[in-house]
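K.L.:
Handing you a structure now.
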Amino acid sequence: MTKPSQAACPRDRALSRPAASVLGPLCRTPALLAALLAGPAAVQAQGPTPSAFSSPTYRNRPVLPRGADPAVASFIDPTVEIDGPAFVAIGQESFVAPFARLRAGRRGRLVIGNASDVQDNATVDATRGGVTIGDLVPIAHGATIIGPATIGGFAASTTLPTENGITYDAFISFNARVENATVQPGAVVNGLAKVTGGVTIPSGFQVLPGQLVQSQADLDDPTKVAPTSTALEAFEVGVFDVNRHFALGYTSLFDIAPFTVFGIGYDPSDTVAPNNPGSVVPIIGGVQRPFPRFKDRIIGRVIIARNTVGQLNRLLGNSVSIRGDEGHPITVQSFRAMRDRSTFHALDGSSLSIGESASIGERCVIHGGINSVTGATVTQIGDNVRVADESVVYRSTIGDNVTIGRKCYIDSTTLPSGTVVPDRTILVRGVNKGLVAW
């Protein structure tokens with residue numbers, strides 16, 4: 001086993017190019033490192049003791065803090081963009097996934113607690129006002145948090161909710177947006193919903209998919225806000241229980257060999273999901289090997305049958321994340337195109353199966369899960385399916401030649417072949433819930 005002995009010297013804004021980080025030249029000049037690390041070492045905040053916080057400066061990426069025991073370390077994927085790292089503080093066992101964006105500065109600081117995660121292509125922007133994200137909070141794929149905002153609470157100062165003896169916190173779902181608002185512990189903002197206007201979402205309540213909540217009147221509207229259900233709470237617990245292990249898994253991979261956490265690379269094996277028997281790399285065009293210099297992140301149990309790595313370099317946009325590190329496998333017959341900042345992932349115990357000539361727009365989330373109507377564990381997308389920008393497809397079955405419009409939310413729904421879904425349509429359990437309200 002080899003372990004890196006020196007800190008990498010990445011660019012300030014991002015670790016988006018392997019050649020500019022662990023795989024490239026190492027910083028050997030103490031004066032340069034001292035200059036790069038100038039500024040506050042950590043952000044003080046209510047919650048866990050200050051010693052539990054570290055700032056994701058150059059020295060502390062991707063493992064935070066540098067050299068930490070994997071059991072307590074946080075992990076920041078090398079592709080994450082960080083503006084103002086000295087104004088960001090992250091607790092222990094947290095995970096920041098591929099192509100997430102963290103922004104902070106003198107006008108607003110960003111604090112993330114213990115065992116929380118900011119998932120692929122999510123953005124947390126504290127430059128207009130501070131953002132506090134508590135313990136055990138998932139910020140899901142594509143979600144956006146704009147300060148001032150508070151999401152969840154800290155176990156040291158708040159009684160967090162429990163389900164079957166497991167503690168959990170607030171949850172912000174796929175492509176949701178929270179801006180100038182508070183989401184209390186145990187509250188949920190569902191996919192493509194937006195909360196703003198200084199509103200507080202109380203514990204035990206959820207903002208329904210695609211809804212806009214910006215006033216007290218909206219909070220009192222049962223078509224927009226409803227109590228959380230037992231099933232939703234159980235889902236939250238499952239997400240928290242798995243996600244808190246990503247930091248351990250990826251830190252361990254990095255400690256073994258830094259190249260494993262770049263480009264087309266390894267999943268963290270059964271440190272995350274007991275169903276994963278060991279770390280593997282994707283199979284692309286019949287070839288199974290890592291490509292750490294690939295511009296996007298394709299991880300673990302992913303099979304892309306009919307495209308080569310060279311073709312994917314042209315067909316996939318920038319900041320694309322396809323992660324077979326939890327639910328698996330993720331299988332794709334072939335891509336026609338997948339645009340910038342889109343994500344494929346699946347919950348533990350589920351998988352994704354995508355047909356020929358998939359066309360995926362910008363900032364889309366295609367996510368596996370257990371269908372709440374049929375119980376199916378495979379999210380299936382047929383041949384020649386087109387999904388337009390900002391849409392979410394979650395635990396559903398999509399037939400051949402289906403067109404899904406822009407900013408749609410599809411959950412636990414079966415769409416027959418040839419279906420055309422208009423822009424901003426909300427379909428939950430096969431029922432049309434109207435239009436995304438913003």
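K.L.:
Of the residues ARG363, ARG323, ARG339, only one is within 17 Å of PRO282 (Cα to Cα) and among the basic types (Lys, Arg); which?
P.N.:
ARG323
K.L.:
Further, regarding this structure: Mind checking whether some residue in the range 199-219 is closer than 25 Å to VAL137 by Cβ, out of contact with any Cys (no Cβ under 8 Å at 6 or more places or on another chain) and not assigned by TED's automatic domain parsing to the domain that holds PHE95?
P.N.:
Among the residues of the range 199-219, not one is closer than 25 Å to VAL137 by Cβ, out of contact with any Cys (no Cβ under 8 Å at 6 or more places or on another chain) and not assigned by TED's automatic domain parsing to the domain that holds PHE95, which makes the answer no.
K.L.:
Sticking with this one: Among the residues of the range 347-370, are any of a type in the set (Ser, Thr, Tyr) and surrounded by 24 or more Cβ atoms within 10 Å (Cβ to Cβ)?
P.N.:
Scanning the range 347-370, I find no residue that is of a type in the set (Ser, Thr, Tyr) and surrounded by 24 or more Cβ atoms within 10 Å (Cβ to Cβ), so the answer is no.
K.L.:
Name every residue in the range 177-201 that is more than 17 Å from the chain's Cα centre (by Cα) and either of a type in the set (D, E, K, R) or not in a strand (DSSP E or B) (or both), in order of residue number.
P.N.:
GLU179, GLN184, PRO185, GLY186, ALA187, LYS194, THR196, GLY197, GLY198, VAL199
Condition check ((1) in contact with a Gly (Cβ under 6 Å, 6 or more places away or on another chain); (2) without any contact (Cβ under 8 Å) to a residue 60 or more places away in the chain) across all residues:
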| position | (1), (2) |
| --- | --- |
| ARG109 | yes, no |
| VAL118 | no, yes |
| ASP125 | no, yes |
| GLY129 | yes, yes |
| ILE133 | no, yes |
| PRO138 | no, no |
| ILE146 | no, yes |
| ALA155 | no, no |
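Conditions tested, residue by residue: (1) surrounded by fewer than 24 Cβ atoms within 10 Å (Cβ to Cβ); (2) in contact with a strand residue (DSSP E or B) (Cβ under 7 Å, 6 or more places away or on another chain); (3) farther than 30 Å from ARG61 by Cα.
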{"position": "ALA170", "(1), (2), (3)": "no, yes, no"}
{"position": "GLU179", "(1), (2), (3)": "yes, yes, no"}
{"position": "THR182", "(1), (2), (3)": "yes, yes, no"}
{"position": "VAL189", "(1), (2), (3)": "no, yes, no"}
{"position": "SER215", "(1), (2), (3)": "yes, no, yes"}
{"position": "ALA226", "(1), (2), (3)": "yes, yes, yes"}
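K.L.:
When you scan the range 262-284, do you find a residue that is at pLDDT 95 or above, outside the structural domain of PRO148 (by TED's automatic domain parsing), more than 22 Å from the chain's Cα centre (by Cα) and not in a helix (DSSP H, G or I), even just one?
P.N.:
yes
K.L.:
Looking at the structure I just gave you, is ALA155 closer than 21 Å to GLY204 by Cα, of a type in the set (A, V, I, L, M) and part of a loop (DSSP other than H, G, I, E, B)?
P.N.:
yes
K.L.:
All but one of (1) closer than 26 Å to ARG363 by Cα; (2) modelled with pLDDT under 95 hold for VAL195; state the number of the condition that does not hold.
P.N.:
Every listed condition holds for VAL195 apart from (2).
K.L.:
Mind checking whether some residue in the range 228-242 is at pLDDT below 75 and farther than 29 Å from VAL373 by Cβ?
P.N.:
no
K.L.:
Looking at the range 139-187 only, could you name the residues that are modelled with pLDDT of 95 or more and of a type in the set (D, E, K, R)?
P.N.:
ARG177, GLU179
K.L.:
From the set of residues in the range 94-114 that are at pLDDT 95 or above and charged (D, E, K, R), which is nearest to the chain's Cα centre (by Cα)?
P.N.:
Within the range 94-114, the match that is nearest to the chain's Cα centre (by Cα) is ARG101.
K.L.:
Tell me whether the range 417-434 contains one or more residues that are at negative phi, assigned to a loop (DSSP other than H, G, I, E, B), touching a residue at least 40 places away in the same chain (Cβ under 8 Å) and not aromatic (Phe, Trp, Tyr).
P.N.:
no
K.L.:
Then there's this: With respect to GLY349, determine if the residue is out of contact with any strand residue (DSSP E or B) (no Cβ under 8 Å at 6 or more places or on another chain), assigned by TED's automatic domain parsing to the domain that holds GLY399 and part of a loop (DSSP other than H, G, I, E, B).
P.N.:
yes
K.L.:
How many residues does the range 53-79 contain that are hydroxyl-bearing (Ser, Thr, Tyr), in a loop (DSSP other than H, G, I, E, B) and in contact (Cβ under 8 Å) with a residue 60 or more places away in the chain?
P.N.:
So the count comes out to 1.
K.L.:
Confirm whether SER55 is polar (S, T, N, Q), within 18 Å of the chain's Cα centre (by Cα) and assigned by TED's automatic domain parsing to the domain that holds THR123.
P.N.:
no
The values are calculated or read from the model by the stated rules, or taken from the named source; none is laboratory data. Bear in mind that the values here come from a model prediction, so they are computed numbers and not experimental data. Note: ideal-geometry Cβ built from the backbone for every residue, glycine included; neighbour counts use all protein chains shown.
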